[in-house]
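Below: the structure, in structure tokens.
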Amino acid sequence: MQFIMIIINAEHQQGEHEMTPLSWSRRGLMAAVGAALVAGGLSGSASAQTPPGVLIVGQIAEPKSLDPAAVTAVNDFRILVNVYEGLTRYKSGTLEVEPALATGWDISEDGTEYTFTLREGVSFHDGTPFNAEAVKFNFDRMLDENHPFHDTGPFPLSFFFGAVEKTEAVDDMTVKFTLNAPYAPFLSNLAYPTGLMVSPTAVEAHGKEFGRNPSGTGPFKFAEWRSNEAVVVERNDTYWGEVAGTQAVVFRPITDANTRVAEMLAGGIDMMVEVPPTSLGQFQGDGFSVAEQAGPHVWFLILNAKEGPFADKRVRQAANYAINKEAIVNDVLEGTATVAAGPTPPAFAWAYNEALDPYPYDPEKAKALIAEAGAEGAELTFFVTEGGSGMLDPVPMGTAIQADLQAVGLNVKIETYEWNTFLGEVNPGLEGKADMAEMAWMTNDPDTLPYLALRSEAWPDKGGFNSGYYANPKVDELLEAARTATDQDERARLYREMQTIVQEDAPWVFVANWKQNAVTSDRVENFGLEPSFLLHLQGVVKN
């Protein structure tokens, strides 16, 4: 902290204007950020206080990219929603959609045309105007293989907008989407980070390097990315809405959970997301605030249904019986989650199948199924991650799962990876590499996860996330029908039937539904978690 004050005082003596914590010059701000990063590597009193006006957030991993169309992890999204905006957004505290860069919209009677009126007077951070042509550019870049900047991808969640047949700039501030069929999740998907609007000019200037040189319309603008150290965003003083309450936010990747906890306790960071359940008690006293929020999360094991022991449904079911999920939830996760019953989180109450009970812990039944399938003593490779978005406490969870499976006669070898490396192994598919892998999803609509990760058309070689190669034509049929149904009750019926079939087929081991958490120092005000699992920091103030 002494180093930071020297920098500020030196600037003041050199004739810079009078500075308060929220009105530093950019040079002083960036110097203070740099000093904070140096201090973050120290211990004890050296890191006892972060600089004023700069919010330092302990993230679980380095972002893969700052191009919202190119990433899939909530870890990345937590940064991006502060830099970019979409046509719609989630209303605070809910998953209901409200206007953002669009001020309103009309939907045709047949549900295949959406016409949006855009917000006037909005500019990207590079000074170029936000308009209908910019919207068209964003969607054409993702969806049109012949677009000149389609090669800035890949765009792994372009599935979200697969129903879009055409995007048309009707006039400067009106854009129309024509869909190939009614698509119930469309407005919700526009609010998801994949629908965030990027500057066409910045994409044209930086090409495939746009993800390191982002430009959006949000309350913060990109300042710096120091690989494996920090992403820094600074307040956008020309923002069309309410100006952010802090001068800058520093997102520090601290992959080891225990190190994040130690940094938070020492004062090296102001905020920490995804606190390990066993560490929450350390933040219950003075000096910290703990935030918790339920949301649409599911933690599961992907099982390789294409080859090896898990190609047999009986062995997949055996894994569900063999794993003591209650013990994982209560002992490893310290009661911060509930046992999952299927692929749809209970947070989607209107679509959740309450008639389903979780697989009970029944090791004897697991042994019988394994024997029936002739899989006794099978050798299994299990991919485990060190950490990641929504992954909770993945190493202890993986160790507990390994022990339970070995207790019923399966020999499990764990391979552990850093989060982005882990995704690089799992997302292309488990074939030839592993029999099972940890995974967690936090979604925006009951359509999202099953459509992207359970359909036969979502196998990795077809651009999806069905890394275990599950296939059931009836599930495919139900999911296609549910996303085009315009009546919510009918959608709910279809999703509930899908859940029943998927639970029986057991392509995953359904483990836990988590209640997210975060810790802030007592210098941080106006912070709250969202059910979307996104991290909106515009209104946060740091004393």
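For this structure, a couple of remarks:
- Gyration tensor verdict on the chain (Cα atoms; rounded if a/c is under 1.5, prolate if a/b is larger than b/c, oblate otherwise): oblate
- For region 73-128, the square roots a ≥ b ≥ c of the C-alpha gyration tensor eigenvalues yield an a/c of 1.5 or more together with a/b not exceeding b/c, which makes the shape oblate.
- Cα shape, region 84-207, gyration tensor, a/c 1.5 rule: rounded
- Å³ per residue enclosed by the Cα convex hull of region 242-339: 181
- DSSP beta bridge pairing in the chain, given as percent antiparallel to the nearest 5: 75
- Debye, to nearest 20: dipole size of region 210-363, +1 on Lys, Arg Cβ, -1 on Asp, Glu Cβ: 580
- If you take the Cα centroid of region 432-472 and the Cα centroid of region 492-529, the two points sit 16 Å apart.
- Using Cβ point charges alone (K and R +1, D and E -1), the dipole size of the chain about the Cα centre works out to roughly 780 debye.
- Euclidean distance between Cα centres, region 215-293 to region 382-417, Å: 28
- For the chain, the longest principal axis of the C-alpha atoms and the axis of helix 132-143 are separated by about 40°.
Readers should treat all values here as calculations from the given coordinates under stated rules, not as data from a laboratory. Fair warning: this is a prediction, and the values are worked out from it, not measured in the lab. Glycine gets a Cβ as well: all are built from the backbone with ideal geometry, and neighbour counts include every protein chain shown.
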